[in-house]
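Inspection log for the structure reproduced underneath, given as structure tokens.
The values are calculated or read from the model by the stated rules, or taken from the named source; none is laboratory data. This one's a predicted model, so the numbers in the text were calculated from it and none came from an experiment. With ideal geometry, Cβ positions are generated from the backbone for all residues, glycine too; neighbour counts draw on all protein chains shown.
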Amino acid sequence: MDKRDRAAQFRIRLGRAMDQRQTSQSALARQVGVDRSTISQLLTGDGARLPNAHVVGACASALGVSADWLLSLSDRPESAAELLASSLTMAEAPRALVDERIYEWHREAAGYKIRYVPAALPDMMKTRAFLEWEYAPHLGRTADQAIGASEDRLAWMRSAQSDYEIAMPLFELHSFAHATGYYHGLPLDLRLEQIDRFLALSEQLYPRLRIYLYDAKRLYSAPMTIFGPLLCAFYAGSHYMAFRDKDRIEVFTRHFDTLVREADLTARDLPEHLRQLRAAIAR
């Protein structure tokens with residue numbers, strides 16, 4: 001941009017910011033620490049000269065806008081702190097299935113593809129017996145309500161006009177099937193029932209639901225859900241970190257697509273793999 005054009009744009013944006021904040025020239029001059037005549041000159045001059053960095057920064061701070069916006073280096077008037085606050089939020093993640101925030105995010109993204117890396121097996125595909133084994137110690141008397149929420153999530157997934165892709169590490173499914181690690185103590189009949197449900201849902205809901213298994217020795221992903229182009233939420237244990245800015249969402253979407261592209265087992269391979277797992281533990 002030509003210096004003269006940039007100076008003219010600065011005058012326009014400074015005046016606009018003052019109008020929006022209902023700030024007079026005298027009030028702005030006091031906040032910036034200059035004479036009123038200096039502010040008047042900034043607003044009415046017709047040269048190509050811009051004020052020094054201190055004055056630009058002080059005006060931006062006083063008016064709640066960014067210096068980059070005043071100088072036409074950005075189209076966003078928000079300050080860096082405001083941009084960060086709007087693009088990254090923290091939300092509590094209770095150890096429960098009743099999670100209205102996650103459900104709201106799903107409803108908001110209806111019609112968009114949802115990409116999901118679960119922390120374990122996907123809750124909406126678990127049997128009631130498995131959910132009781134896993135969550136009842138934490139949920140107590142609210143277990144029935146919480147498990148009902150999982151069934152509601154599955155019903156939403158059946159009815160919503162959204163494709164749903166899930167990427168999981170191979171070892172997670174194997175650890176579950178053989179009751180090792182996190183799944184230690186899980187009874188065999190419950191594991192067989194769960195594999196049957198997993199198999200039935202993966203076949204019934206395909207191709208709108210596609211599950212991919214990747215090798216965690218080659219690839220890694222934190223638990224996350226990408227709600228189309230709207231939001232990416234990371235699960236950090238007690239909280240979710242939710243990003244809404246387009247560039248970050250695109251980065252995480254490419255990461256998820258790498259998990260799918262490099263998966264050892266695709267959605268088409270999953271049913272046969274589940275049958276083999278079932279046969280191996282049912283002997």
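Scanning the range 19-64 for residues that are under 19 Å from Asp5 (Cβ atoms) and not in a helix (DSSP H, G or I) gives Gly45, Asp46, Gly47, Ala48, Arg49, Leu50, Pro51.
Filtering the range 213-230 to residues that are under 26 Å from Arg101 (Cα atoms) and crowded, with 19+ Cβ neighbours inside 10 Å leaves Met224, Thr225, Ile226, Phe227. When Ile166 is tested against (1) of a type in the set (A, V, I, L, M, F, W, C); (2) under 23 Å from Tyr214 (Cβ atoms); (3) modelled with pLDDT under 85, only condition (3) is not met.
Looking at the range 257-277, is at least one residue free of Cβ contacts under 8 Å to residues at least 60 places away in the same chain, among the acidic types (Asp, Glu) and in contact with a Phe, Trp or Tyr (Cβ under 7 Å, 6 or more places away or on another chain)? Yes, the conditions are met somewhere in the range 257-277. Among the residues of the range 174-215, those that are within 30 Å of Asp245 (Cα to Cα), of a type in the set (A, V, I, L, M, F, W, C) and modelled with pLDDT of 95 or more comprise Ile211, Leu213. Among the residues of the range 96-111, some residue qualifies, meaning at least one is modelled with pLDDT of 85 or more, of a type in the set (Asp, Glu) and surrounded by fewer than 16 Cβ atoms within 10 Å (Cβ to Cβ).
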